[in-house]
1. Going Cα to Cα from LYS389, which lysines come in below 30 Å? Please leave out same-chain ones fewer than 8 positions away.
2. Say R0 is 56 Å: what FRET efficiency, to the nearest 0.05, do LYS306 and ARG372 get from their beta-carbon distance?
3. Given a 10 angstrom Cα cut-off, can you work out which residue in GLU360, GLU269, GLU251 is the most mobile in a GNM of the chain?
4. What nm distance separates the two modelled labels at GLN106 and LYS350, each placed 7 Å from Cα along Cα→Cβ?
5. Measure off 7 Å from each Cα along the Cα-to-Cβ vector at GLU379 and ARG40, then give the distance between these two points in nanometres to one decimal.
6. Rounded to the nearest 10 degrees, what's the angle between the helix 92-104 long axis and the longest principal axis of the chain, both from Cα atoms, 0 to 90?
7. So what are the ³J(HN,Hα) numbers for region 146-152, from phi and the Karplus equation (6.51, -1.76, 1.60; θ = phi - 60°), rounded to whole Hz, Gly and Pro as x?
8. What spacing in nm lies between the two simple spin-label points modelled at SER89 and ASP393, each 7 Å away from Cα in the Cβ direction?
Amino acid sequence: MRDGSTSESNKRPVGATRISETGLHEASLFKLVLKTIYVRGLGRPKQLADSTGLHIAVVRELLELAKTRALVEVLGNVEEDGYSDFRYSLTSQGKERAGDALTQCQYVGPAPVNLDEYVIQMAKQGIKNDIVSKEKFQDRLSHLVLAEELKRRLGPAINSGRSILLYGPPGNGKTSIALAVAKAFQEEIYLPHAIEVEGEIIKYFDPVLHRPSPAASEAGNPLLTQTAERPEFTDRRWIPCERPTVVVGGELTMNMLDLYFSPVSKFYEMPMQIKANGGILVVDDLGRQRVSITELLNRWITPMEKHIDYLALQSGTTFSIPFDNLLIFSTNLKPADLMDPAFLRRIPYKIPVGFPTEDEFREAFRKVCAARELYSTEEAITRAIQFIKRNLDQPLAYYQAGFVADQIIEQSRYEGSAPDFGEEKLAAALENLSPRRE
């Protein structure tokens, strides 16, 4: 690992057993527990610990405070996991307080972490700390056929943790390369369910973008207490995850880069470039977005150079937050047609992805067929190459191999026959590569 990187145990967020150790105001936690009881009907400490991600000792401390303020009452004992615990219910005054809290913010779920803790955690697990060796690079991208020059330039770019521009003609694997790069990073990182800033809750964890690791189900058992044998336990407000991969294409707009506030739920959603922190952010098909390239890059000049983004709450309060991802731009257009030299200078790695040679195309064809359990012959590949060059007057492109293989499989499925490169099937597949010229 790179000097200054941390071990797994040092990266793991340690849970708090007292309110004062959570980094949050008592009032915020108090409201969350009352809302959880009110909305989800939970009354046992373990249930509340599971729902809020807080240690059971913190939950009991909050319930005791609520009881002294006549906001909850004890309904009786309940046996659970071999020991007895109280069961709580909201009093009429407690229901009123919970209702008021829901009017202010409807968030109910794992407790947030504060912004300072998030900044510290991201520094421990930044993308630059996860070194992709040459051997690992070769292994993770082995399913792709890459020219040696491309591999030579791509490897250092991945390890830089800085922005990359992949450019070249369509259909030659720029997006596939970007997605394969994401698989080269194997370290587990911790992502928060939510972050609290200036008393406002910002939802962070996104089940569409973030993939919990197998350890997520075991992390931070809320019944564990600190002992000499086990002095630490994982804070369940954080989820062990794979490094995220966020891909955005032509649908990108400027408002997607800012906090989204729901007027109904009264809490925020983190923008996609921050959800990509610790991982890969791919801006695919650059130049086709609904926002101009100049406007987009102006927005990201500071984040790209300083690795810090600035977001604003509805109150007008602006705060800084880490911008820590490997940013990959992919485009079919010429870089000089996309942006001026000043912008190009801010992208340190500009890597062309061109057409394959005939040998590279043959290798790609074999790999594509093997992945689909489709047997290909050298004769069939030669016929495909000759057809593309002579009949279609097109250069060879990587996408053509997958296109032809899928056509063969689909024809065979329709006919109820075994998938093979019969002359008629291959001819029909190749004809579909391009419309006939009348």
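1. Candidates past the 8-residue exclusion: LYS151, LYS174, LYS334, LYS350, LYS367, LYS425.
2. Details: r = 45 Å, r/R0 = 0.81.
Once rounded, the FRET efficiency stands at 0.80.
3. Between GLU360, GLU269, GLU251, it is GLU251 that shows the largest mean-square fluctuation.
4. Between GLN106 and LYS350, the simple spin-label model gives 4.8 nm.
5. Each label point is offset 7 Å from its Cα along the Cβ direction, giving 6.5 nm.
6. On a 0 to 90 degree scale, this one is about 30.
7. 10, 5, 4, 5, 5, 5, 4
8. Reported label-point gap for SER89 and ASP393 is 8.3 nm.
Each value in this text was obtained by applying a stated rule to the coordinates, not by laboratory testing. What you are looking at is a predicted structure, and each value in this text was computed from that prediction instead of being measured. Methodologically, a virtual Cβ is constructed for each residue, glycine included, from the backbone with ideal geometry; neighbour enumeration extends over all protein chains shown.
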